[in-house]
Amino acid sequence: MTTRRRVLAAAAGALAAVSLLAACGQDASGGADDGATGTVTYFTFSAAPDHLKDLDAIKAEFEKQNPGITVQVQTAAYDDYFTKLQTAIAGGTAPDTFELNYENFVTYARAGALLPLDERAKADQDYDANRLYPKAREAFQFKGKLYAVPSTFSDVVLFYNKKLFDAAGVAHPTADWTWADERAAAEKLTNKAKGVYGDYQPVTFHEFYKALAQNGGSFLSEDGKKATFNDAKGLEAAQWLLSKPGTVQPTVAEIGGKADYDTALFTSGKLAMWHNGIWQISKLAGTAGLDFDIVTEPGNTRKANAVFMNATAVSAKTKKATAAWKWARFLGSSQKAVETRLGSNWELPAVSDQAAFDSYLKKTPPANRKAVFDALADIALPPVLDAQQSKMQDIVTQALEKAASGQATPQQALDDAAAAVTALIK
Amino acid sequence: MSRKILRYLALTLGAVAMLGPFAWMLITSLTGDPQLARVDAPLLPDPPTIEPYGRLGEAFPFWRFAANSVGVAVVSTLLQLFTSATAAYAFSRLRFRGSGAVFVLYLATMMIPMQVIIVPLFIEMRHLGLVDSYAGLLLPTIVSSFGVFMLRQAFLALPMELDEAAYVDGAGHLRVFAQVLLPLVAPALATFAVFAFMSSWNAFLWPLVIAQTEAHMTLPVGLSLLQGRYSTAWNVVMAGSTMSVLPILALYVFAQRYVVRGITFTGIKS
Amino acid sequence: MTEPRTATTAAPTARANAPTPRVRRSGAARRRLRTAVAAAGFLAPSLLLLLGFWIGPMLGTAWVSLQDWNLIGVPTFVGLDNYTELLGDAEFHAALGHTLAYLAGYLPLVLVCGLAVALLLDAKLPAMTLYRATFFLPVISSWVAVSLLWKWLLNPADGLVNRILGALGVPGPGWWTDPDWAMPSVVLASVWKDVGFVAVILLAGLQAIPRDLLEAAALDGAGWWRKLRSITLPMISPSLFFVTVISLINGFQVFDQVWVMTEGGPGGASSVVVEQIVNNAFSYGRVGYASAMSIVLFAVILLVTLAQLRLQRRWVHYE
């Protein structure tokens, strides 16, 4: 008897849980407002662990300029960020404002999780759209509407160790270099007896889509319905990446799972060329005895540079829309935010503010700091598949791994991956 | 005699291998940034530095998070001991209809990955108003099917004659449970207490999503903040890991006092 | 024999709810009722918590498995679509295969090694607490630390293991960089980390064996192997049964070590079920599909566990 009653109780409990679940996502009290006061929550992946104080400084200035609004910052590591954000949104407790990167932005905009910002922008006299970097503003539009305020960007350049180049008698890389130049130099610079490697470029989706663009190829067909990265140009791009480990670059086995091995190689003066993001500059500039410079990455048939962009979105469910908008705008374009980011070598502010960048450009090393901005002339943004972005990236990275570990030929691996990506598009 | 030597030899060999990760953690945590940044650096820190430990507090309020972890783990362990021991008694000592089925129901809760459970659980917590609270942090962790199962096995190893003798003396279930049987499963209780503490102390995913403000965050959540998107200060991470291993180790050594050969009941056995 | 008294204080709520018998019942029936009431009381704390915070959400997961949902939008009911898709999902089937392969390697190794360590540690000798603590160190260390160490030990180029193999004239494999050796690498690291866990549980069981039993056997001239077979193993069979069931349940849900050691690679060669669940739920925007995978995994584990519960009658000896 007791068992039966207990089973009933279990069923009742379960029913309650299920109805709770069904009820979620239905209370649509979006974009409500209680004036520009109160506490605004902000969730970010880019502050911890190195820039928490810088974010605090921006927050303090914002609160000073906007009496009545307090910002409550929540941080998470990038790897955990989206798990926490998605669970919070699913549970109806989304933060008022949160950081999104370009690749993930569309998914959130399409799902209706973001507040459209055009009207807020129009009503705000302090907002100057032209102050934001135009390509970033474009990137965070969905169906022609602005859904997030661009905040930062970084690009990928070629770092090189001047001492190693000079010692090997190889001319320093220039912006006119092609893959062939890089290859020839890398071979001359590699000296395994001394543990010196000529080049380092990860074999991943992000490097592949960019190499493909540098080779004049296209990831998707023009109508966006089919993956086309398995053509001759794609194969050449994949082979370009795959040809490095074991010849001019340490293999996965040689790296042996050591964390941040490429960084350690470069800071130890054992790596001549390194494809990496400008976020490495501050660390490298502080490394004693390291003489390095940067240049835009070599292309094959054309130049193409990877750019990472982040923005601040406002939750569609926020009850502090005005205050949230103000904070998002402040993070993106305020003088304080721009100065703080540049001064602390955080990611670069996504603004068109030449005066602010001037002082940034004067700082050395690297001497050729302007390469950071030269790269923006030929941007190759990653292809974006609405809801299936991460899946697509994993498919491509896995295909490259299969080719690298000999489970498939590069052509086979690319063909399989292209078929899988095409199936994702539907 | 030689048998004793063999035993020590085998144990020492094993122990050396087992020391690996801890030694590695400790060594990394005592290595300075410049040495860590070099591929050709010697294995041992030269010179050793405790500076990474000082940097623990930079990314998050270390002591606040540690206090939360201690509080949550202690409360959770005590309650897990209570809820597990009582249930284990029912499953091992009381014959009731559906006992087997209910026990399987208990086991079933261990068979679904936590990663998918957190979504409905979080939604439930939100409706209960327990997001970002100690109650929300604790409630799902104060019951342990693992503990119920483990203690049930320990109870089952005790002869029924013990209970019967107590009943003859006029004892009720509560007294048989608390005064007769519980002391006899002390080794299992002590062992489970270590596991219960460890699972609460190391829990990451649930605290990550349920705690929204620093007031309710725990050490593993704080340590995760040390991992940057592009690079990680491994010496600081390992300093934090070393610090967080020590309390469990201390508890384990303390619990060993109770994992000793218990009273022999052969006399009672018929 | 006196009748057991009802636990009056143990189950106040359950007792209040129980109907007061008007008619005089037979002694046996009353005893059954009292036992049931006591059982309800003893089970109530854990059962209520389990129902509220585990079984409820599990049913929630079952419900989600019928949805197409990315967590950030509105869920769409799709019936059994997620399950029919699973039938044809080669990646999922491969992951299930890898998980079984992991179990096949992990389970026997961890049980045998754990038992051996427990037997070694079960001695009244000096410094045993120190040894016990040492064997427990890997259990409490984080997987991040353990995996970095093991990737270093199993480094195909110059790792310690391959150096030793090389000295013995055996060419070392590519370990976690080789698709065929990635899973064995994970198994090795897992066994090594969990040996202490198994040993600690078995040790608690070993401590409960009455010394005089073993001494009596020794007097009868029983050797080491006979004592192990006919006394030790049967006596600790409840503990052995417990670690087997637990290790199997946990082994099916292997994830952390794969995630930090190989990320399922190279090229998906060590991808496991829970890794696919996590990816689909939080990365690919398919929490409904991930939930369906979880339910399937749950069903598999439940079946295996039920079989174990049935089989235990053959080899587990309770008092």
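The values are calculated or read from the model by the stated rules, or taken from the named source; none is laboratory data. What you see is a predicted model; the values in this text were computed from it and never measured. Quick reminder, even Gly has a Cβ in these numbers, built from the backbone with ideal geometry, and neighbours come from all protein chains shown.
Going by what's in this entry, would A:THR251 be described as without any contact (Cβ under 8 Å) to a residue 24 or more places away in the chain and closer than 17 Å to A:LYS162 by Cα? Taking the combined requirement at face value, the residue does not satisfy it.
Scanning region B:187-230 for residues that are in contact with a Lys or Arg (Cβ under 7 Å, 6 or more places away or on another chain) and facing another protein chain (nearest Cβ under 8 Å) gives B:LEU208, B:VAL209. The residues listed here are C:LEU71, C:LEU80, C:LEU59; of these, the one that is of a type in the set (A, V, I, L, M), within 14 Å of another protein chain (Cβ to nearest Cβ) and over 26 Å from the mean Cα position of the chain (by Cα) is C:LEU71. For region A:286-310, taking the residues that are assigned to a strand (DSSP E or B) and farther than 29 Å from A:GLY112 by Cβ, the one that is nearest to the chain's Cα centre (by Cα) is identified as A:ASN305. C:THR99 fulfils the conditions (1) hydroxyl-bearing (Ser, Thr, Tyr); (2) crowded, with 19+ Cβ neighbours inside 10 Å; (3) without any contact (Cβ under 8 Å) to a residue 24 or more places away in the chain; (4) closer than 30 Å to A:ALA90 by Cβ except for a single criterion, (3).
Looking at region C:166-173, is at least one residue crowded, with 22+ Cβ neighbours inside 10 Å and either over 17 Å from B:THR28 (Cβ atoms) or modelled with pLDDT of 90 or more (or both)? Within region C:166-173, none of the residues are crowded, with 22+ Cβ neighbours inside 10 Å and either over 17 Å from B:THR28 (Cβ atoms) or modelled with pLDDT of 90 or more (or both). Summed over region B:80-108, the residues that are facing another protein chain (nearest Cβ under 7 Å), touching a residue at least 40 places away in the same chain (Cβ under 8 Å) and over 20 Å from the mean Cα position of the chain (by Cα) give a count of 2.
From the residues in region B:212-223 that are touching a Gly at 6+ places or on another chain (Cβ under 8 Å) and of a type in the set (A, V, I, L, M, F, W, C), which one is nearest to C:VAL144 (Cα to Cα)? My answer is B:LEU223. Which of the residues spanning region B:120-131 are more than 10 Å from chain C (Cβ to nearest Cβ) and either crowded, with 17+ Cβ neighbours inside 10 Å or on the phi < 0 side of the Ramachandran plot (or both)? Listed by number, the residues that qualify are B:ARG126, B:HIS127, B:LEU130, B:VAL131. Pairs are defined by a Cβ separation below 8 Å, a sequence spacing of at least 6 or placement on different chains, a first member in region B:33-46 that is farther than 17 Å from A:THR267 by Cα, and a second member that is of a type outside the set (S, T, N, Q); the pairs so defined are B:LEU43/B:ILE27; B:LEU44/B:ILE27; B:PRO45/B:ILE27; B:PRO45/B:LEU30; B:PRO45/B:GLY32. Looking across region A:181-231 at every residue that is of a type in the set (Ser, Thr, Tyr) and part of a loop (DSSP other than H, G, I, E, B), the one that is surrounded by the fewest Cβ atoms within 10 Å (Cβ to Cβ) is identified as A:SER221. The residue that is farthest from B:LEU189 (Cα to Cα), counting only those in region C:195-219 that are in contact with a Lys or Arg (Cβ under 9 Å, 6 or more places away or on another chain) and not aliphatic (A, V, I, L, M), is C:ARG211.
The numbered conditions (1) within 11 Å of chain C (Cβ to nearest Cβ); (2) modelled with pLDDT of 95 or more; (3) within 20 Å of B:PHE195 (Cα to Cα) are all true for B:THR77 except (1). Among the residues of region C:283-297, the ones that are in a helix (DSSP H, G or I) and either of a type in the set (Asp, Glu) or in contact (Cβ under 8 Å) with a residue 40 or more places away in the chain (or both) come to 10 in all. For A:GLU222, are the conditions met, namely being among the acidic types (Asp, Glu), without any contact (Cβ under 8 Å) to a residue 12 or more places away in the chain and more than 22 Å from A:THR190 (Cβ to Cβ)? Here the answer is yes, as A:GLU222 does meet what is asked. For A:SER268, the conditions (1) crowded, with 20+ Cβ neighbours inside 10 Å; (2) closer than 19 Å to B:TYR230 by Cβ are fulfilled apart from (1). It is to be established whether one or more residues within region A:311-321 are part of a helix (DSSP H, G or I) and not assigned by TED's automatic domain parsing to the domain that holds A:ASP416. Within region A:311-321, one or more residues are part of a helix (DSSP H, G or I) and not assigned by TED's automatic domain parsing to the domain that holds A:ASP416.
Taking the residues in region C:27-46 that are without any contact (Cβ under 8 Å) to a residue 24 or more places away in the chain, facing chain B (nearest Cβ under 7 Å) and among the hydrophobic types (A, V, I, L, M, F, W, C) as candidates, determine which candidate is farthest from B:LEU107 (Cα to Cα). Here the answer is C:ALA36. Remark: pairs (first residue in region A:38-59, away from every other protein chain (no Cβ under 12 Å) and surrounded by fewer than 20 Cβ atoms within 10 Å (Cβ to Cβ); second residue of a type in the set (Lys, Arg) and not in a strand (DSSP E or B); Cβ separation under 8 Å; 6+ apart in sequence or on different chains) = A:GLY38/A:LYS320; A:ASP54/A:ARG341; A:ALA57/A:LYS336. On inspection, A:PRO383 passes the criterion of being under 21 Å from A:ASN101 (Cα atoms), more than 10 Å from chain C (Cβ to nearest Cβ), within 24 Å of the chain's Cα centre (by Cα) and surrounded by 21 or more Cβ atoms within 10 Å (Cβ to Cβ).
To keep it simple, each residue is scored yes or no on (1) at negative phi; (2) surrounded by fewer than 19 Cβ atoms within 10 Å (Cβ to Cβ); (3) acidic (Asp, Glu); (4) in the same structural domain as A:ASP291 (by TED's automatic domain parsing).
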| site | (1), (2), (3), (4) |
| --- | --- |
| A:LYS162 | yes, yes, no, yes |
| A:ASP166 | yes, yes, yes, yes |
| A:ALA175 | yes, yes, no, yes |
| A:LEU241 | yes, no, no, yes |
